[in-house]
Each structure stands twice: as C-alpha cells, then as structure tokens.
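To keep things clear, I will list the structure first and then write my remarks on it.
A short reminder: the numbers here are calculations on the coordinates, not readings from a lab. Every value quoted in this text rests on a predicted model; they were computed, and no experiment measured them. Because the Cβ atoms are built from the backbone with ideal geometry, glycine has one as well, and the counts that use them run over all protein chains shown.
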Amino acid sequence: MKRIHDLQELVSYFSEDKKFIHDGYYRIRVFDKETIELAFLVAGPCGDSLVHPQITVSLTESSAIAIKMIDMYATPPLFLDREESNKQKIDQELDKLIEKFLNIKNKNTKIF
C-alpha cells in the first residue's frame, strides 16, 4: 500500500518529459490507470540517454507490482520480465527507484 501512495505522489510531480535534476534525468510515463513506467536516465556517450533503470509497474487497488525492468547502463544490459526466479530483484529495484525519486523530489521542493 505504501508503494501505491508513493507512486501517486510521484506521478503528481514528475511527467512524461524527462527532467534533469542534480544527478540525472527523471521521468514517469502513465500508460493507463493500471500501468506506469518510472525511469532514471543518465547521459550516454553519443548525446543520447540510457535508462538506469526503467521499471514498468502494474497497479491495482491494493498493490503496485514491478512487471518489467530494463537497465541499459549496466554491463551487460539487463532486460527482465517478472518471473518467480527474479521477482525479488525487480521488487528491490523498484523500491530503490521509488526512494531515489522521492529523495530528489523532497530535496528539490524544500523551501528555505
């Protein structure tokens, strides 16, 4: 339930346009009311952006479940679809990414 609350907060702050804040680019895409995608992007060697990572999340009324993860910055690049063998890793990466987004949002919105 905490994930859902955190994601709702983030969706209201970030958008589909990548936004550079401090250490990289942040982006949240809303595909429909049941699917969103969080991505942290870093600058690539040719002026492009590399997802590090990008996680697709399936939403229900009671849960937010990571269903796919891509990390193009990792060596070798990582492409994971949720399976029994990797669900713990994808969930951990989702929690880390949510925390990263929340931390940068909170740092960026403090009033001095």
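Based on Cβ point charges of +1 for Lys and Arg and -1 for Asp and Glu, what charge dipole magnitude is obtained for the chain about its Cα centre, in debye rounded to the nearest 20? Don't jump to the answer; show the numbers that get you there.
Values: 16 positive and 18 negative charges, 82 e Å.
So the magnitude is around 400 debye.
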Karplus-derived HN-Hα couplings along region 50-64 (A = 6.51, B = -1.76, C = 1.60, θ = phi - 60°), whole Hz, x at Gly and Pro: 10, 6, 8, x, 10, 10, 8, 10, 9, 10, 10, 5, 10, 8, 10
Cα Rg, Dmax (largest Cα-Cα span) when computed across region 5-59, Å: 11.6, 37
Computed helical MRE - 222 nm, the chain, DSSP H runs ≥ 4 contributing -39500 (n - 2.57), nearest 500: -9500 deg cm²/dmol
Signed unit charges on C-beta, dipole axis of the chain, positive-most listed residue V30, Y13, P77: Y13
Fraction of the pair-distance distribution of the chain above 26 Å, Cα-Cα pairs, percent: 16
For S49, distant residues with modelled amide H under 5 Å away: G44
